[in-house]
Every structure is written in structure tokens, then in C-alpha cells.
Amino acid sequence: EVTGPDKDLHSGLFGGAVADPANVLTRLVAQLVDAEGRVTIPGFYDDVVPISPAERAIYDKLPDVRENLKATYNAYPSYDPKLGYYGQLNGTPSCNISGMVSGHVGEGTATVLTSTAMARIDMRLVQAQDGEKILKNLKKYIKDLGYDNVEVICHGITPPSKTPIDTPYLAPIEQATDEVFGKSMVYPNRPSTAPDYFWTSLLKTPTIQVRWCDFDSDNHAPNEHLTLNNYLRGMQLTATVLNKIGSMR
């Protein structure tokens, strides 16, 4: 959050002579990610674990989604050719601006120099990264850039988590999924936030998620949805998985 004058000012009377928090904010967030998409916070990539050959082999079997993404969301993916789409998506941390708010929006001709401006940022971390360390580096980076009227407010940190792909529980779950839903794909990462670290890091227990939502569920969008058919098959899958794991030696 960037603060300026203690209330909104008339831009004709004060514009150019008083710093505009909205302009300050846009300059700041533009300095967090470079033109190639790499996060510029010092030390951001220090602890990232490279993708293993076994993971790479799985990614190589997954389908090309470029045209599917274009058809469904009207956007092509952007990624490092050396990493590939799946390697970029699952093996590289990100810094995303999920919202920016300042001043008067909508219809009208209000010419206002705003008093505050706010950007909401989420960072998707990968295995071995430390959220507290990155938060500390972010605050220092902003100060080093010369921004002394910016407050960083952290709303929560979820440590990243990972289960080895050689876990013996993968095979029975894959079999159960194929039986209930048809041919499935193994995907060595999941894009959602959950406290998996409690099991993987603290209890040393593997976690596997089967995504039985629809391909176009529009997660977190206003029309997020799930068909009843997949909901019922999801319950069937859970029972099938429990039966197969219970039969393991």
C-alpha cells in the first residue's frame, strides 16, 4: 500500500507538485518482474530445486495445450523453451498482481490526485522456498529502491510442499482413477494452495490429489462450477481408492 497526502487532492491544483501514489505504485510493481517474466527480488530463486529427470519424463508425455488454452481462455501461454510449458508452470515460482485499486474509477470526469494506492500480490512458491525469507527480501528490496512510503501487509504464507513421484501409493490411485473416470494423466504438481506441508514436511506422509473437476470449471472465477456427474464420480473414486490402498501389502 502506497500512501501520499492525507486526503484526495485536485489534480489541477496539485498535480506535478505532489507525488501521485497511483503513479508510485505502478512504477514499483513494474520493478518486481522484468520483461522476460523473471522476478527481480534479490534471492528469489536461490532455493529453487531443479526439475528432476523423472519429472521431465512425465512432462514430456503430457499434451500440448497451446490451442486448448487459446480456445478456452483466448490466451496463449508464455514460457521458457528450455523449461517447456509444464516445467515453467510447476517448477518455477511466480509473482502475480491479482488486483490494483486507487482513486475514482468508473464513469465520470473526476480529476483527482489520490491519497492511497494498493496492489494485491500473490507469489506461487515451489519446493524448498521459504516464504518468510522472500517476504523479508521483498520489504528490503522496496526500501533499497527508494520507496519510503510503502507498507507491505502480509495476509498469509503457505509453505510449498512436494511428494516424491516414486511413492508406492501412486499406482493404486492411478488404477482407481482409470476405472472410475477413464484414462487419466499423472501430473507431478498441483496448482492450488493447501496446507499439504503439514503431511509432507511435518508428518513425512505423501499426498496425492485427483482433480475431478471439469476442465472448464473456471476455478476462482465468478462462474466457478462442478457438474453433478463429476461430483458423484468423485465420491465413487474416493471409495475405490480406499479399497485399493486397504488391499496393499
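Would you please name the residue that is farthest from Ala194 (Cα to Cα), looking only at residues in the stretch 209-234 that are open to solvent by less than 100 Å² (accessible area, probe 1.4 Å) and part of a helix (DSSP H, G or I)?
Asn229
Of all residues in the stretch 154-178 being within 20 Å of the chain's Cα centre (by Cα), of a type in the set (S, T, N, Q) and surrounded by 17 or more Cβ atoms within 10 Å (Cβ to Cβ), which is nearest to Lys244 (Cα to Cα)?
Thr163
Of all residues in the stretch 240-249, count the ones that are open to solvent by 60 Å² or more (accessible area, probe 1.4 Å) and either in contact with a Gly (Cβ under 9 Å, 6 or more places away or on another chain) or in a helix (DSSP H, G or I) (or both).
3
Looking only at the stretch 32-41, count every residue that is open to solvent by 70 Å² or more (accessible area, probe 1.4 Å) and either under 22 Å from Asn149 (Cα atoms) or more than 17 Å from the chain's Cα centre (by Cα) (or both) and tell me the total.
2
For the stretch 42-54, which residues satisfy the criterion of being exposed (fewer than 14 other Cβ atoms within 10 Å of the Cβ) and of a type in the set (Phe, Trp, Tyr)?
Listed by number, the list holds a single entry, Tyr45.
Here is a list of conditions, (1) small (Gly, Ala, Ser); (2) assigned to a loop (DSSP other than H, G, I, E, B); (3) within 30 Å of Cys154 (Cα to Cα), and Ser98 meets all of them except one; can you say which number that is?
Result: Ser98 passes all but (2).
Please find, among Phe198, Phe181, the residue that is open to solvent by 50 Å² or more (accessible area, probe 1.4 Å), touching a residue at least 12 places away in the same chain (Cβ under 8 Å) and of a type in the set (A, V, I, L, M, F, W, C).
Phe181
Could you tell me which residue of the stretch 129-151 is nearest to the chain's Cα centre (by Cα), considering only residues that are over 18 Å from Ser94 (Cα atoms) and either open to solvent by less than 80 Å² (accessible area, probe 1.4 Å) or of a type in the set (A, V, I, L, M) (or both)?
For the stretch 129-151, the residue satisfying everything is Val150.
Is the stretch 19-31 home to any residue that is modelled with pLDDT under 95, β-branched (Val, Ile, Thr) and out of contact with any His (no Cβ under 7 Å at 6 or more places or on another chain)?
No: zero hits.
Looking at the stretch 152-174, can you tell me whether even one residue there is free of Cβ contacts under 8 Å to residues at least 12 places away in the same chain, farther than 30 Å from Leu25 by Cβ and not in a loop (DSSP other than H, G, I, E, B)?
Yes, the conditions are met somewhere in the stretch 152-174.
Return the residue satisfying two criteria in turn: it lies in the stretch 55-91 and is aliphatic (A, V, I, L, M) and surrounded by 12 or more Cβ atoms within 10 Å (Cβ to Cβ), and of such residues it is nearest to Asp216 (Cα to Cα).
Of everything passing the filter in the stretch 55-91, Leu69 is nearest to Asp216 (Cα to Cα).
What tally of residues in the stretch 20-39 results from selecting those that are in a loop (DSSP other than H, G, I, E, B) and without any contact (Cβ under 8 Å) to a residue 40 or more places away in the chain?
4
Scan the stretch 111-120 for residues that are open to solvent by 70 Å² or more (accessible area, probe 1.4 Å) and either in a strand (DSSP E or B) or free of Cβ contacts under 8 Å to residues at least 60 places away in the same chain (or both) and report the count.
Adding up the residues that qualify gives 1.
Would you point out which residue out of Lys7, Lys70 is more than 23 Å from Lys143 (Cα to Cα) and free of Cβ contacts under 8 Å to residues at least 12 places away in the same chain?
Lys70
Could you grab me the full set of residues in the stretch 92-110 that are open to solvent by 60 Å² or more (accessible area, probe 1.4 Å) and at positive phi?
Gly106, Gly108
What number of residues within the stretch 57-91 satisfy the criterion of being at positive phi and outside any loop (DSSP other than H, G, I, E, B)?
Adding up the residues that qualify gives 1.
The values are calculated or read from the model by the stated rules, or taken from the named source; none is laboratory data. Everything numeric here is computed off the predicted structure, so don't read it as measured data. So basically every Cβ, Gly included, is an ideal-geometry build from the backbone, and we count neighbours across all protein chains shown. We work out accessible area using only protein heavy atoms, side chains counted, and drop any ligands, DNA or RNA first. Shrake-Rupley method; radii C 1.70, N 1.55, O 1.52, S 1.80 Å.
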